[in-house]
Every structure is written in structure tokens, then in C-alpha cells.
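Following: one structure in C-alpha cells, then a few remarks.
The values are calculated or read from the model by the stated rules, or taken from the named source; none is laboratory data. Just so it is clear, the structure is predicted and the values come from calculations on it, not from any experiment. Cβ atoms come from the backbone with ideal geometry, glycine included; neighbour counts cover every protein chain shown. With ligands, DNA and RNA removed, areas are computed over all heavy atoms of the protein, side chains included. Shrake-Rupley method; radii C 1.70, N 1.55, O 1.52, S 1.80 Å.
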Amino acid sequence: MHALLYLIVSLLAVAVDFFLLGAPFVAALEVIIYAGAIMVLFVFVIMTLNVGAPGTEPAGRRSAGRAWIGPVVLASVLLAEVVYVLVVSAGGVSGGSSISPEEVGRTLYGPYRIGVELASLLLLAGLVGAYHLGRRRSSEEREGER
Amino acid sequence: MISVPMEHGLILAGVLFAMGLVGVLVRRNILFTLLSIEIMLNGAGVAFVVASAHWHKADGQVVFLFILAIAAAEVSVGLALLLALYHRFKTLDVDAVSRMRG
Amino acid sequence: MLQLLGLIIAFPLAGFLVLAIGGRVLGKKAAAVIGVGSVGVSAVLATLVAWAWQGQAYTQEAWRWMHAGSLDVQVALRLDELSLVFVLVVAWVGFLIHLYSARFMAEDEGVSRFFAWMNLFVASMLILVLADDLVVLYLGWEGVGLSSYLLIGFWYKDRANGRAAMKAFIVTRVGDAALAVGLFLISTTLGTLQIQEIGTRALQQWPVGSGVAVAAALLLLAGAVGKSAQLPLQTWLPDAMAGPTPVSALIHAATMVTAGVYLIARMHVVFSLAPGVMTLVAILGAATMLLAGCSALTQRDIKRVLAYSTMSQIGYMFLALGVGAYSAAVFHFVTHAFFKSLLFLAAGVVILGLGGEHDMFQMGGLRRKLPKTFWVFLIGALALSAAPPTAGFASKDLILLEAWGSESGGAWLLAAGLAGALLTSMYTFRMVFLTFFGPAKTEPGEPVNDAGVVMGIPLAVLALGCVFAGLLNFPAALGGSPMLVDFLKGTLGTAPGAHAAPHVEMALTAVSVFISLLGIVIAWALYVVRPELVRGLVRTSVGSVVRGLWFDGWGFDRLYDVCVVRPFTWAARVNRRDVVDYLYRGIAWVGVMFHVALSRTETGEVRWYVAGVAFGAVILVAILVWL
């Protein structure tokens, strides 16, 4: 639960970043959809599961210490590679001018029309999938045994 | 609207991505795995928006919109799976569902 | 008429095929008829061809066998003086022995198998002597080796026979391998394996005593030594007596063991280019002659005495070859074929008559019980001991004359020859006296009392041959003329020692006759008059050691066992898991290791798989960035 809240804070911070870079539209979108819808969904799930206050971390015996080393090393190697590339390549600046929502809209429904269609298909698929997976009936046990 | 060197923005994106990756790898609770994935997606989005601001075009923001749509769909399906898993195994430990081992 | 040359080989070969494929269907009588008949036809054809022969070397080409690079091998048969002599002897003696074995093997159930392999043998031997090309000769060489193996182990139900057959095959194989290497050497240096071509090219290209010539001659000699059971590859011949008596007569007395003699005579041009090797041939011959003679003196089995005797007589032939008297060697081959096969066949009658008894000390007094056999055996023994006026006397006399007259070691070789002659008559008549004289120890059984007609005819013919074949080349000092030597001059040239003065020849002849008779007298004294002397001699400490050594063939079997067989079996034992196999098992093992390693990556845990993806991403980015 607390993790969720911290994530929302992070998302809000990123939204501010977007605003500073001159992309007010996506900043708004970040807050509304990401922080507003998706995180709320998480909250709903936590409520439904009734997992209890500290979370369902089982005993934490392996998560503590040893299990962190590998992933941290891996991720930091990846990060180091990316940073290296960025540092040695010629830099540029971003930001400086604002891009209006109108412009975004034009681009979206202009060259990227097909992306819109695909995104709606995707959302449909997600909808159907979530509905199907979330279904619970007494016959589900029988289906599961088949 | 200030201008920022592009590297900084992209490094921010990279850091976000890396942190999300660590989270996915370390956390045993499926919920936290999904959260970490969200962080990774967010990081990718930051990269796109920074690039779009660099080129002063709207394309990056459009892509960010798509990423958002993807994240939404993925979250809904993922959480539905999580619920199903919880009802089946009575635990949220991702290592408990390793029945497809070698 | 000369075109019938190929048919001489074709008939026995056809006989072999028919009997091998349909033997069991045909039955014993038909098998015997086919087996004997095919060789009979072959003998008649050989006589016709000989009669039609004009004196020119005749080559009959059949087909081209192989053509690779500069090497062109034709399957061709050559009829010249040397091969004519050998063909006639092989075909006729072969026919007589086949006739004999029709009766000898009549009780055996493997009759068709026997005649099939005997026919194969005759065909191979004829191929060997008629070959115009060394590759065809090698074909015949291998064929006789194979037939010998098959026939020694004919009674395969007894494992000892199989072991004897294998020993024969393996020991001769050593020689065969050396011969093959010799063929390779000749073909690569001279570019041909056609025998006459080899002669001309070798004379042009190889200086006398050059390394190539010596190497080639040595390798050919090794092959000859193996097949002819001379030192150091002689250990197989006594054990080869495990085969039926006709086999011993045909293969291991008259013909196959003389293949080495034929080879050296045929390739005498190559040998003449390596005088050192010629001397070696003479020395090997003399050494084998003496060693075998001593061993023959101690044997109990009548066939083993004859085996060692064969070894010894071929030693004489090698001695003659070594001093350049090729014709003398061939003459001795002819006479030896007659008297040795006669002795073997007569011994066969004795063995059969006594129900399978081989031990001479269990025989005795058969003079009265088997009179016909006794007389032919006596004739054969006299021929073997070179008593005048038998054929053996003529040929051995010629060899001794040549040995004396040669440049290399004349006196030594003569002395060796005379010592060998003494030993020969001693062991031969020891055999005669033990078997036919003295008190009878076993009763002749019913099946073959004495030789019947079928067995008697070959014995009689061979006995006649023993007496009259000598006229082919009777010593000039006693009124004969060197017909055979003159006949062979076309192919073999003249021998160095052939032109001795008549009084020298007379003296030599007198000495050799004296030695032969001396041997007979000594044998008489030791085995008829005072048998206790020998027993006492053997019981002394020195005597028993010497006797044991000679009985074992001078310990060669033990020597080879220690030096060759034991290390080989040890190496085979150590290598039981086959070192080379590790390579292939290693490949399989690597595959399994990979499998084990990779299966461990399938854990079923999501986080592990994500880690894998992340790791891959790291690698990819690294490649993109730095390469």
C-alpha cells in the first residue's frame, strides 16, 4: 500500500518533468491515466485481496540481502552502458518550446491513425481478457479439472 | 519551458528503467512485480517525451500515448491474472507458480 | 591349343564354385567325382598345352584389372619354361592326391566341403604360377593361404585344429604383409608390376646392391619365407599337420610351401641385383635345413617328422636359390613333390590302418601287415635320403654341386648341405624302422588294411616318379644329361657352379652317397639293433636338454610367445576400453554435459526468465555500442 503511494508520487514528479519540457498534454495524460486510473486499479486489487497492512512478503528471508546482488549488478551494468553512450555522443537540448495539445492531436490522427486503431484493438483485447480471467463461477472448478 | 540537455532526460529514463528492472528481478510478490513493470514503462515513456521535446515534434508524445494504452491494457489483464492466481494458489509468491520447470 | 591355358585354372575354380554352392545337395559320391574330375581335366589340359608348346613364351591376356596412374594391371597368364614345369607338377600331383583322398575322406561327412576347398587351392596355386603380373600372383598367393587355413582347420569341431589354422594364417600373414609392401615399393619405383617389365626396368634403373633393390628383394624374401616355412617364420608348419593327410601332402609338402621358391625363382632378376640378399637366402636355407633336420630326429608323430622334413628340404631349395642355381632348386622341387607327397600319402594309409594312430613309437612291424605301403614308403624314403639312383639323389647331388661351385661360401654351404643330408637319411630311416620294423605294437584295423585300388594308383604313380624323375637331370658324371637345367635356361639362366670338372663332380657324388648310406646305417644301428642306446642317451642331462630343445623346434614358439604374443595380448588387455573410442564417447559426453547444464536453466521461475532477458539486453547493447 505504501509502495503504491510512493509510486503515485513518482508519477506525479514525472508529470511535472513533462510539463517543464514543454509537453503539457502528456503531463496531464500522465496524471489522469497513469496515476489516476492504473494506480487506482492497483488499489482496488489490494482492497479485494485483503492482504493486510505490511503486505504479503513471506518472511523475507531470501529477499533480504543476497537476492539483491545479482539484479542490482545486472541493472547497473545496463544503466552504465546507456549512460556511457549518452555521455560520449554529441548532446542536444530538449525543451525550450512548448508543444500544444492541438499539435499532438493533429499528429495522432494524422500519420498515426493506424496506431489509434491498433490501440483500441489492444484495449478491447485487454478488456475481454480481464473479463474472462476475472470470471468466477462454481463450474470453474469443473473446467479446471478437465 | 526550460531547455534541458537531452542526456539528462535520457539518463533519467534509463535510471527509471533500471530501477524497475531491479524490482522485477528481486520482488517475489506478484503485485510488486507488476508495479515494477509500470515503472519500466514509465521510464520508456520519459525517453520518448524527451526525444520529442528535442526534435520539437509531437511524435514522441503520440508514442507516449500508445505506451499509456499498452500499460493500461497490460495492467488490467495482469491484475486479473493476479486475482486468479491468488484464488488458485492462495499466495502471491511468484515462485510458487513454477510448475513448468525443466 | 595354347588357348586352353586359361581353362587349366577354370576347371578347378568351377569345381570349387559348384561344390561350395551345391555341395550338400550333390552328396558325397558326386562331390568326389566333381572334385577329382575337375583337377583331372586340368591335368590333362596342362599336358595338352605342354605338348603343343613350341618353346616361345606365351602370354594369354584375359582382361584389364585396374588402371591407376602409371600402374596398369592386366589379368594375364604367362606360359614359359618355369611356369610350365610348375603347372605340370601342381596339376598332376594335385590330381593324384585328389584321387587318393576320394578314398581317404570317404567316411567323412564334410566331403563336398573338402573337395571344394581342395579345388580352390589348386585353382589358386595355378593362378599363382601362371601369373604374368605380381598382382595376379598375389591373388593366387592369398588364395592358397586362405585354402590352407580352411583345410588345416577342416575338422573344426576340435578347437585345437582351429588354433593351428589360425597360427598358420597369422604367421604367413606376416610374410604376406611384407610381400605386399614389396609390391608397393616395386610399383612406386619402377611403375609397373608386370613381371617381365620389372625385370627389364630393374636392370636399367637399379644399380647392383642399391638400397631399393635390397629393400625390394628383402621384402619379397620375407613373403617367400612366410609361405615356405623357413626361418624365422617356420613355426606354423608342424602344427599345420592337424589337417587331413591329403591336405598335408598337397599343400604343405608338394605345392603351397614351394610358392616361396617359385617367387624367388620368378623374381630372380631383382634378387640378382641384391647379392647380399642372395647370400641371406642361402644362409636362411642352410640354417632352416639343419634346424629342421635336428627337430625331425626327435619327433614322435609321423606327420610332424614329415613336416620338419619338408621344412628341411625347402631349406635345400633356398640354399640352391641363394647361390644362383635356380634350376637346381626347381629340379629339387619337382623331385620333392614326388617323394614327399608319396611319403605323406603312405603315412596316411598307415594312420588310417591303425585307426588314427600318429605316434611312431606305438607302431612297429607293419612291414608284414601293410606290404604294399611298406614298399612305396621305402622308395620314398630312399628318394628323400638321396640314395642312388632315385630322383632325390639326382636333385640333391645337383644342389650340392652348385653349392660347392658358388662364389659365396662354397665350402661352408657344402658342409652344411652334407650335414643336412646326413640328418635327412637319419631321421627318414628312423621313421622307416620305427614304423615298419621291430615288434608290432598295434594291430591294423579293418577299414583300410592296405591301400586299395583308388589309393594304390596314386601311390604307385608317385613311386614311379620317385624313381624315374631323376632322369630329367641325372648327374653327367654318371651318364645322365642336364635336360631340365637346359630346358629352364631360357627363363632362369645358367647357374654359376654348373661347370665343374668331371672328377670334382664324381668326388662330390661319392661323398654324398656315402653320407646318405652312413645315415641309413646309423639309423639301423640305433633303432633296430640297439634301441636302448638312444633311450640311454636321451636320459642323460645333456641329452634330455638337447632333445627337449629339438623337440620344440628350437624354442621358436616360446620365443615368439614371449616377444610378440604376450606384449600384444597385454596391450589388448590394457586397451580393452579402447583409447580411440574415448574420442567418440567424448563427443557424446559433451552433448550430455550441455544437456545437463541447459536443463538447469529451466527453473519455471518468472524472475529467472526476466533475468535472462535482461542479460540478453545487456549483451545486445554492448555489441551495438562497442562493436
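Going by the structure shown, is C:L237 closer than 20 Å to C:V334 by Cβ and open to solvent by less than 10 Å² (accessible area, probe 1.4 Å)? Judged against the criteria, C:L237 is not a match.
Does segment B:3-11 contain any residue that is open to solvent by 20 Å² or more (accessible area, probe 1.4 Å), within 17 Å of the chain's Cα centre (by Cα) and more than 7 Å from every other protein chain (Cβ to nearest Cβ)? For segment B:3-11, residues open to solvent by 20 Å² or more (accessible area, probe 1.4 Å), within 17 Å of the chain's Cα centre (by Cα) and more than 7 Å from every other protein chain (Cβ to nearest Cβ): absent. Residues in segment C:597-627 that are in a helix (DSSP H, G or I), open to solvent by 60 Å² or more (accessible area, probe 1.4 Å) and either within 14 Å of chain B (Cβ to nearest Cβ) or touching a Cys at 6+ places or on another chain (Cβ under 7 Å) (or both): C:L598, C:V606, C:W608, C:Y609, C:V613, C:F615. A Cβ distance below 9 Å, combined with a sequence gap of six or more or placement on separate chains, defines the contacts here; from segment C:162-174, residues that are closer than 23 Å to C:L218 by Cβ reach residues that are surrounded by fewer than 16 Cβ atoms within 10 Å (Cβ to Cβ) in the pairs C:F169/C:L146.
Given (1) within 19 Å of C:G6 (Cβ to Cβ); (2) in a helix (DSSP H, G or I); (3) over 25 Å from the mean Cα position of the chain (by Cα), where does C:R24 come up short, assuming only one miss? All conditions pass for C:R24, except number (1).
Residues checked against (1) in a helix (DSSP H, G or I); (2) not acidic (D, E):
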position: C:R368; (1), (2): yes, yes
position: C:F374; (1), (2): yes, yes
position: C:A386; (1), (2): no, yes
position: C:D397; (1), (2): yes, no
position: C:L414; (1), (2): yes, yes
position: C:A419; (1), (2): yes, yes
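From the list B:A18, B:A73, the lone residue that is within 11 Å of chain C (Cβ to nearest Cβ) and either open to solvent by less than 10 Å² (accessible area, probe 1.4 Å) or touching a helix residue (DSSP H, G or I) at 6+ places or on another chain (Cβ under 7 Å) (or both) is B:A18.
Restricting C:L17, C:L13, C:L84 to those that are assigned to a helix (DSSP H, G or I) and over 30 Å from C:A347 (Cα atoms) reduces the list to C:L17.
Residues in segment B:69-102 that are farther than 24 Å from A:I32 by Cβ and among the hydroxyl-bearing types (S, T, Y) were compared, and the one that is modelled with the lowest pLDDT is B:S98. Where helices (runs of 4 or more DSSP H) fall wholly inside segment A:1-117, the ranges with 2 or more residues that are crowded, with 17+ Cβ neighbours inside 10 Å, at pLDDT below 85 and at the interface with another protein chain (Cβ under 7 Å from one of its Cβ atoms) are A:66-88. Could we say that B:I30 is crowded, with 21+ Cβ neighbours inside 10 Å and more than 7 Å from chain A (Cβ to nearest Cβ) here? Criteria met by B:I30.
Look at (1) β-branched (V, I, T); (2) in contact with a Phe, Trp or Tyr (Cβ under 6 Å, 6 or more places away or on another chain); (3) open to solvent by 10 Å² or more (accessible area, probe 1.4 Å) and you find that C:T59 fails only one, number (2).
Of C:V135, C:V36, C:V122, C:V111, all but one fail to be closer than 19 Å to C:P244 by Cα and in contact with a Leu (Cβ under 7 Å, 6 or more places away or on another chain); the exception is C:V36.
Checking B:F89, B:F66, B:F48 one by one, the residue that is out of contact with any Phe, Trp or Tyr (no Cβ under 6 Å at 6 or more places or on another chain), open to solvent by 30 Å² or more (accessible area, probe 1.4 Å) and more than 7 Å from every other protein chain (Cβ to nearest Cβ) is B:F89 and no other.
Residues considered: C:L218, C:L179. Of these, the only one that is closer than 19 Å to C:G322 by Cα, modelled with pLDDT of 90 or more and open to solvent by less than 20 Å² (accessible area, probe 1.4 Å) is C:L179. Take C:F377 and decide whether it is surrounded by fewer than 24 Cβ atoms within 10 Å (Cβ to Cβ) and closer than 18 Å to C:F433 by Cβ. No; evaluated as a whole, the condition is false for this residue.
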